[in-house]
Structures are given as C-alpha cells and as structure tokens.
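The values are calculated or read from the model by the stated rules, or taken from the named source; none is laboratory data. Fair warning: this is a prediction, and the values are worked out from it, not measured in the lab. Here the Cβ positions follow ideal geometry from the backbone for every residue, glycine too, while neighbour counts run over all protein chains shown. For the accessible areas, the whole protein counts, side chains as well, though only heavy atoms, and no ligand, DNA or RNA atoms are used. Shrake-Rupley method; radii C 1.70, N 1.55, O 1.52, S 1.80 Å.
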Amino acid sequence: NNRGSEIIKYISDGKTKKLAGTAYEDIEECYYDIVGAIEYVISLGYDEIYLQGHSLGSTKLVYTYNQLIKENSNILSKIKGIILLSLVDIPGIVKLGTTPEYLKIAEEKENNNELMEVMPIQSFIHPMSVKNYLKYTKYNKNIDFAKYDEKDNDFTELNNIKCPLFMRWGNKNEMIKQDAKELAEFLNSKITNNSKDISYIDGADHGYHGK
C-alpha cells in the first residue's frame with residue numbers, strides 16, 4: 001500500500017495535503033515506498049523478504065528491483081523471492097485505448113503547466129491526470145519492459161531478477177491481449193531464471209476473485 005493506493009486520495013505529511021492515488025502518482029517514486037518498507041522490516045530483524053505485486057504493483061517491483069541492481073544495493077541479498085501477479089503491458093494498454101486526439105490534449109495541457117488536470121473520461125478506463133497519461137504514453141522508457149507483443153524482446157529487466165521468480169495471470173477478463181496460456185509459454189522460453197514458476201490460473205480474472 002503506497003502513494004498509488006486507490007484511484008484518487010489525499011496523502012499528508014501532517015501539515016499539508018496533496019493529491020495522490022493511481023491517477024496522480026509518479027510511478028517511479030514507488031522506489032521510495034518499496035525500499036522504505038524493506039528497510040523498515042530489515043530494522044525489525046527480518047532477513048528473508050518476499051516481494052509481491054499485482055498489476056501496476058508488479059511493474060513497480062520490477063522497476064525497483066532493477067534500480068537496486070544499478071545501485072549494487074545490499075538489500076538485494078535479503079530478497080528471497082519475487083511474486084508478480086498480472087504483470088501487464090501498462091504503456092501498451094494505455095496506448096491501445098487512446099487516440100492521437102487525447103495525446104494532443106495532454107501535450108497542450110503540459111505546455112500550459114496543467115499536469116494535475118484530469119484527462120477526458122474516455123481516454124482511459126479510470127480517471128488519470130495529464131502527468132500520468134504522458135508518463136504511460138510518452139515518457140515511459142523506464143517502465144516499458146512488459147512488451148509481450150515483441151517476439152524478439154530479450155526482457156532484460158525480468159531476466160535481471162536472479163532470486164526465485166513466480167508469475168501468474170488469469171485467463172478471464174485479464175488485462176493482456178494475449179491468450180494467458182500462450183503468454184506463459186512465451187515467457188517461459190524467454191526468462192532464463194533457473195528458479196522460475198511462470199503459468200496462469202484457469203478461470204481467474206484480473207483480480208483473482210474466487211481463486
């Protein structure tokens with residue numbers, strides 16, 4: 001649970017409020033939330049940490065893990081497993097449901113310094129600020145690693161994960177364009193981790209209701 005929890009919410013430092021939630025967060029700031037939580041549990045004496053993300057949370061985990069690699073962080077030795085539930089191609093999904101018209105609107109608002117304005121309701125499946133819309137459609141280099149449509153993709157960021165890796169999707173109303181079974185087979189052929197468990201849950205939807 002971090003500053004991306006819920007669609008729109010207030011967070012506070014005890015003095016001032018600011019808008020947060022999925023509609024407003026800077027996804028790359030997830031690093032501070034996740035690392036802060038890890039450092040806290042380490043301070044309590046835990047030394048075996050398993051990180052689980054769902055949907056956008058899975059994107060956050062892969063991004064944060066790769067940042068820790070770049071820093072050669074000693075936290076990595078404490079992470080004993082990564083669980084990614086419904087890792088989806090977020091930039092691809094946003095682009096799939098949008099049109100050049102909405103990107104033009106976002107760029108005009110960016111030029112007018114209106115990044116905290118909310119995009120038109122038709123631009124995505126839930127409310128999203130201009131800032132986040134541009135993050136997913138234009139400035140997405142650091143989070144655009146679940147490119148399941150690219151058969152020659154080497155999935156560098158996922159292959160950088162050296163601890164045991166567990167991945168699942170549902171095959172009912174899931175937020176993937178591919179058949180879940182075919183996607184699992186494809187990634188099993190691409191991910192080189194010797195301790196991987198990549199599959200799907202038959203009958204599960206994106207929220208795994210009843211599963």
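List of remarks:
- Note: region 1-74, Cα convex hull, 104 Å³ per residue.
- Diffusion constant of region 169-211 at 37 °C, which comes from Stokes-Einstein with the Kirkwood Cα-pair radius and 0.692 mPa s, µm²/s: 303
- Among 19-27, 38-46, 103-111, the peptide with the highest mean count of other Cβ atoms within 10 Å heads the list, and the full ranking is 19-27, 103-111, 38-46.
- For Gln52, distant residues with modelled amide H under 5 Å away: Ile83
- A compact globular protein would have a Cα radius of gyration near 2.2 N^0.38 Å; the ratio found for region 40-148 is 1.31.
- Database remark: amide H of Tyr200 closer than 5 angstrom to the amide H of Trp169 (H placed geometrically; neighbours at sequence offset of 5 or more, or on other chains; Pro and chain starts carry no H).
- Applied to region 96-102, the Karplus parametrisation 6.51 cos²θ - 1.76 cosθ + 1.60 on θ = phi - 60° returns per-residue 3J(HN,Hα) values of 4, x, 10, 9, x, 4, 6 Hz, with x for Gly and Pro.
- Helix-only arithmetic for the chain: the sum of -39500 (n - 2.57) across DSSP H runs with n ≥ 4, divided by the residue total, places the mean residue ellipticity at 222 nm at -10000 deg cm²/dmol.
- Restricting the chymotrypsin sites (Phe, Trp or Tyr not before Pro) of region 149-190 to loop positions (DSSP other than H, G, I, E, B) with no more than 13 neighbouring Cβ atoms within 10 Å leaves nothing.
- Solvent exposure of the chain amounts to 55 Å² per residue of accessible area, where only protein heavy atoms count and the probe is 1.4 Å.
- Each label was represented as a point 7 Å from its Cα along the Cα-to-Cβ direction; for Asp144 and Asn72 these points are 3.1 nm apart.
- Applying the Karplus relation 6.51 cos²θ - 1.76 cosθ + 1.60 with θ = phi - 60° to region 9-22 yields 3J(HN,Hα) values of 7, 9, 10, 9, 9, x, 10, 10, 9, 9, 6, 9, x, 4 Hz, where x marks Gly and Pro.
- Whole-Å distance, taken between Cα centres, linking region 1-15 and region 137-209: 28
- Phi-derived couplings, Karplus 6.51 cos²θ - 1.76 cosθ + 1.60 at θ = phi - 60°, listed residue by residue for region 128-133: 8, 6, 4, 4, 6, 4 Hz, with x used for Gly and Pro.
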